[in-house]
Amino acid sequence: MRLTRLQLRNVRRHADLDLELAPGLTVVRGPNESGKSTIQRAIELGLTRRVTSGSGDLDGLRSWNAEPDDRPWVRFEFEQDDPDGEGTKAGFVEKAFRGSKGTVRLQFDRENITDPARADELLAELSGIPSEAFFRSTASVRHHELDGLARDEAALRDRLQASISGADRGTSRARRKLERALFELHTKGEKNPGRIKATEANLAAATAALRNGEVALGQLEADRDALAQARAARAAAEAKLAEHRSMFDKARLAERLIAERDQARERFERYSAATEVSKQVEALEASHPSPNGLPALREALTKLRATTMRIREIQAVLAGEVEVVQPLVEAPPRAWRPTAIAALVVIAVAVGIGIAGQLGALPRDLPELTLNGLGTVVTLQGATILAALLALFGVGLALVARRQRARARRVRRTKDLREQEVERRLRGRSLLEQELQGEEATLSDLLVALDAPDLTAVEQLADAEEAHVGKILRLRAQLEGLIGRDPTNELPALRDKAALEVEQKTGAIEEIGPLAKDPRARERLEADVAEAERGVSVARDGEAQARARVEQNPVDAEEVAAHAERAATWTEQLAMLQRRARVYDATLKALDAAERATMRTATRYLEQRMVADLARVTAGRYRRVQVDDENLGLRVYAPELGDWVDVTTLSQGTLDTVYLAARIGLVRLVTGDRRPPLVMDDPFVTLDDDRAKRALELLKDISTDFQVIYLTTSDRYDAAADKVQVLAPATALTPDLDPSAEPGRSRTNGHADVPRGGLAPAAPSNGAAATSDEATPSVETGPAAAETTA
């Protein structure tokens, strides 16, 4: 099978994708998030998934910008080789995954199929892929799943056996049937025993019944006589018990009537007391001391007390006279200035004299003063002395002027404060008098509203009302304790009804007679009834035992003969089941041996195929491979160690190379004469350039027999490809959003073809993605075009 065209709609980022595929090696290249893995997933779904599947992963495949009703849609055209060698046959598959409403259309060999089951069956027959898990274990390769060889182990083993033996059916189903049959035969459980154990149990039961039959016949007659005697004793005991129960029922009835009469009497007394209390409450409700309610009265009393207290406080404040303090005698505000001026004048004169004396402007006959101290002689002229004395006098006058100025400031500040205090006191008195008038008016209004002369009368009225309400509440509590929340207007009727019930119960007690007057009659009769019941129970037990003995011995000679026949039948059936179990076990062992032989043949084939491919890719480093017959585990011969090593201990690149060779060998082996397309998602990502080149050459050779669809992000595989399809990056403008797109192109094609042997157009250096106008058209490629560049 070779896919020639793939179309996707509403599959993740591919809202509308149309790809042409080469029959040989097709490289689908694109950056990350360009939808390469989505293409691989779509091919898996198109070949293996039923369109009516309700799996949740299908909803995750929808495009993010899809409409609410849009669902994944996959269509591919394919060519199939004619088994008669008459060329190829073309067909197509179209699947719309809509859950239970999914549709499929498969057209091939003049047959148009719309039945989902038939379409999947024909696809499996054409491709050789029975299931999705089998496809992903063999022909669909992801770089992170190369080692998933046993994803569908049962189907893989069936296909291996079919490829070796030529059979068209696997042995897994036969094995399961044989194991289920053996399980049903040999099960030893108590709740669900196997057929052999059940037959053995039936045989043992039949043999025991045959052995006990003869003993039961002799015991049967004696048991029948004992049963007749037990029946007579049971009848006498039941008659005695009925008599005692009748008397006991009368005694209990009398006791119950007495209790009900006492209860009725208690209700009568309670309803009578409640009637009296209700009347008292009604009388108190009609005679309140105050026409105002207690809450309103309390609120008014609180306001009266607060108003009275405020009036007293204001009167106490106004009782004293405002003391007007006479202002201090103020010193003249500028009395210090003449003194300060005189000080300045004296100091100036002293400075002038001193300067004149130094300059020699004064007479020279002024007296001198000589100072002798510390060995130094200083001679002072008379002018200097006079200047110093005047300066000292001027400084003294300046200090006096400063003190006068400070005293004047203190006097002025004290005067200002006293004037402010007098003004504040006069203003506060007028405000207090206004507030006193308002409070007295409020007090008068409250007293008029309460119709009371003063606060004392209001307090007395509130106390009387509170005591009155408290008495009403106590009576209501007493009434509620008597009757609960029942309406009081029905109390007389309830009282009369209780009195009538007392009379009725008394009459019924008198009709019973003397038994009702005996206080210990019920206890005595209860003991008699218990004794009679024990007698009946003993009689019934005796009868039951006698009947059981009779019923346990229903056999006769014919029944004993029937037991013998059944024992023989169970013996024959047990022998047949044991023979069948031996046959099943031998068959299962033969199947196991055949499967082991098949797996040995298959693994040897894999080893032969893998050796050439692995040696080619690794440049002859690994030339020997071992495949485990049980779990398909792989080992290679390491030249450095001279021993076999598990492939999981090798590098990731070597591990991927080994498993890729195993995958290719498995596909050749298990698909038989079928050739499904090989879909590979960059399995060489961990390989170096040399190994990747050799691996690609291997794929190129394989593509002559299998169609290979290679998904990658690198352009190093373009030269070997028959066709290269380039996917646009995730940020590329789609034609439906780009007004400059050419008419007639796909709405969101998301790819561009490049010539074989060439590279895809490089993205602009500024990081902007190329639009669909910049994609180069698809060109068929061949060896002659290997030197063509884009």
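Data table
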quantity: Two-decimal ratio, segment 248-325, of alpha-carbon radius of gyration to 2.2 N^0.38 Å; calculated: 2.79
quantity: Paramagnetic label zone (point 7 Å from Cα along Cα-to-C-beta, residue 318; backbone N under 16 Å) in segment 289-307; calculated: 307
quantity: Part-to-part distance (alpha-carbon centres) for segment 174-203 and segment 220-281, which is given in Å; calculated: 60 Å
quantity: Cα-based Rg of segment 461-505 normalised by 2.2 N^0.38 Å, two decimals; calculated: 1.70
quantity: Förster radius 56 Å - calculated FRET efficiency between residue 355 and residue 430 (Cβ-Cβ, nearest 0.05); calculated: 0.25
quantity: Amide proton proximity set for residue 678, modelled H, under 5 Å, gap of 5+; calculated: 707, 708, 709
quantity: Estimated inter-spin distance, residue 500 and residue 638, nm [label 7 Å along Cα→Cβ]; calculated: 10.9 nm
quantity: Inter-label distance, nm, simple model (7 Å from Cα along the C-beta direction), residue 200/residue 131; calculated: 3.6 nm
quantity: Derived scalar couplings ³J(HN,Hα) [segment 56-69; Karplus, 6.51 cos²θ - 1.76 cosθ + 1.60; whole Hz; x for Gly, Pro]; calculated: x, 5, 5, 5, x, 8, 5, 5, 5, 9, 6, 5, x, 8
quantity: Stretch gain in nm, segment residue 192-residue 245, where the contour uses 0.36 nm per residue and the Cα spacing is subtracted; calculated: 14.0 nm
quantity: Table column - 3J(HN,Hα) (Hz), segment 686-695, Karplus curve with 6.51, -1.76, 1.60, x for Gly and Pro; calculated: 9, 8, 6, 5, 5, 5, 4, 5, 5, 5
quantity: Portion, in percent, of the accessible area of segment 80-131 that falls on carbon or sulfur, probe 1.4 Å; calculated: 42 percent
quantity: Distance from segment 538-582 to segment 601-666 (C-alpha centre basis), Å; calculated: 68 Å
quantity: Cut-off under 5 Å, modelled amide H: who pairs with residue 633 long-range; calculated: 628
quantity: Between segment 490-525 and segment 9-51, the alpha-carbon center distance in angstrom; calculated: 97 Å
quantity: Nearest-0.05 FRET efficiency for residue 508 and residue 279, computed from C-beta distance (R0 35 Å); calculated: 0.55
quantity: Members of 693/723; 497/517; 303/471; 36/693; 36/95; 471/497 lying beyond 24 Å, as alpha-carbon distances in this model show; calculated: 497/517; 303/471; 471/497
quantity: In segment 174-215, the trypsin sites (Lys or Arg not before Pro) that fall in loop regions by DSSP, at most 15 other Cβ within 10 Å; calculated: 188, 191
quantity: Förster-model FRET efficiency, 60 Å R0, residue 405 and residue 305, C-beta, rounded to 0.05; calculated: 0.55
quantity: Residue 108 long-range amide H proximity, modeled H, under 5 Å; calculated: 113
quantity: Fraction of accessible area attributable to carbon and sulfur, segment 671-735 (%, probe 1.4 Å); calculated: 49 percent
quantity: In Hz, Karplus ³J(HN,Hα) per residue of segment 464-479 (6.51, -1.76, 1.60; θ = phi - 60°; x = Gly, Pro); calculated: 5, 5, 5, 5, 5, 5, x, 5, 5, 5, 5, 5, 5, 5, 4, 5
quantity: Segment 1-64, accessible area per residue, ligands and nucleic acids excluded (1.4 Å, Å²); calculated: 35 Å²
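The values are calculated or read from the model by the stated rules, or taken from the named source; none is laboratory data. None of the values given here were measured: they were computed from a predicted structure. FYI the Cβ positions are ideal-geometry reconstructions off the backbone, even for glycines, and counts take in every protein chain you see. These accessible areas exclude ligands, DNA and RNA; they are computed on the full protein's heavy atoms, side chains included. Shrake-Rupley method; radii C 1.70, N 1.55, O 1.52, S 1.80 Å.
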